[in-house]
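I have placed the structure first, in the form of structure tokens, so that the comments after it can refer back to it.
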Amino acid sequence: MSGIGSLLARKWLWSYLGAAAVFGIIAAVSQNSFFTLSASISFATFYILVGIGQMLVITTGPGNIDLSIPNTIAFSGSLAFALMNENNANIPYGLLGGLAAAAAIGAFNYGLIRFILMPPMIATLASSLIVRSLSIIYFRGMQIKPPAGLAWFVNYRLAGVVPIIFLFVLVLAAMMQLILARAQYGRYIHAIGQNIKAAWLCGVDVKRYKLITYTLSGVFAGVTGILLAAFTGGATMSMGDEYMLNSIAVVVMGGSSIAGGDSNVIGIIGSSVLLYLIVNLLNILGMEAGLRYIFTGVVIIGIIFLSGEKMRR
């Protein structure tokens, strides 16, 4: 295979080519293309976070999808800000509380799967309804504002252009890529996703690593909830709604196999930027919401088709 052919065979590359193409169109139709790119990168940061968590779950095999992410985002963000009470001194306590709650939700998800034998999608959806009910009871749908220090950090841009939160998430993504490629955890969840029975026969503690994976998905959703709420000015019950399907879309668009056993953090970064560039392009073109959803769906299908025969199967 030629050098170019070998490069194009890398599934993650298509999301970056797509992002470059969409940005080129934006540059042609808008005078504020770099502002649009900066804004897209900012919002793509949250897609990257939830995408990594969702990718870990999907990697463990067919049928493993976390549908509790949207309400985990809302609950953890609201709890963290309630504990912070708009006081910078309380930020560590709020972060600890919000992330602990998110981790508990992830562990509870796997508990439903393991002990009640519920299919993962049903278990995480049921868990999501419970978490949403708790949000209604304890936070009453009110917007809970962040401390000024956290809001400043999340919205700060280096040289007025590059969001510092995006750089923070890139470092986190690099760490996860290293763990998945080199650490025992990464090797084991790939083995589980490729053939769960073979992994068990080889001595992999399947239950333990699935528990860790669902817990990590909850933690990533919790981090998203706290940072997103600080970025937008406050935690609300609906702030995670768009992340249910988009968390799956960025995983698949980024080159990870929906059938499990394969992960791609690099691709999630490119697909997250691509997805939000598409949203901004369609807004610039004045498309209605329904048309934007249709067009985005067509783009996702196209990228999956181009990314390789194995993924299409």
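The values are calculated or read from the model by the stated rules, or taken from the named source; none is laboratory data. Here the structure is a predicted model, which means the values were calculated and not measured. Every residue, glycine among them, receives a Cβ derived from its backbone with ideal geometry; neighbour counts consider all protein chains shown.
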Test for Tyr276: is it modelled with pLDDT of 95 or more, of a type in the set (Phe, Trp, Tyr), farther than 20 Å from Ala101 by Cβ and in a helix (DSSP H, G or I): no
Conditions: (1) touching a strand residue (DSSP E or B) at 6+ places or on another chain (Cβ under 7 Å); (2) of a type outside the set (Ser, Thr, Tyr); (3) without any contact (Cβ under 8 Å) to a residue 60 or more places away in the chain. Leu158 meets all but one. Number of the miss? (1)
Given Ala44, Ala39, Ala19, which one is modelled with pLDDT under 95, within 22 Å of Ser271 (Cα to Cα) and surrounded by fewer than 23 Cβ atoms within 10 Å (Cβ to Cβ)? Ala39
Pair list, Cβ < 6 Å and 6+ apart or interchain, from the stretch 163-192 residues that are touching a residue at least 40 places away in the same chain (Cβ under 8 Å) to residues that are among the basic types (Lys, Arg) and surrounded by fewer than 18 Cβ atoms within 10 Å (Cβ to Cβ): Pro163/Arg157
In the stretch 197-220, is there at least one residue being within 25 Å of Leu37 (Cβ to Cβ) and either part of a helix (DSSP H, G or I) or of a type in the set (Lys, Arg) (or both)? yes
Filter the stretch 62-121 down to residues that are touching a strand residue (DSSP E or B) at 6+ places or on another chain (Cβ under 8 Å) and buried (at least 24 other Cβ atoms within 10 Å of the Cβ) and give me whichever is farthest from Gln194 (Cα to Cα). Phe81
Among the residues in the stretch 133-149, are any β-branched (Val, Ile, Thr), touching a Pro at 6+ places or on another chain (Cβ under 7 Å) and in a helix (DSSP H, G or I)? no
Filtered residues of the stretch 233-257 (kept if surrounded by 24 or more Cβ atoms within 10 Å (Cβ to Cβ) and assigned to a loop (DSSP other than H, G, I, E, B)): Gly240, Gly254, Gly255, Ser256
Say whether the condition of being surrounded by 13 or more Cβ atoms within 10 Å (Cβ to Cβ), under 20 Å from the mean Cα position of the chain (by Cα) and not aliphatic (A, V, I, L, M) is met by at least one residue in the stretch 139-150. no
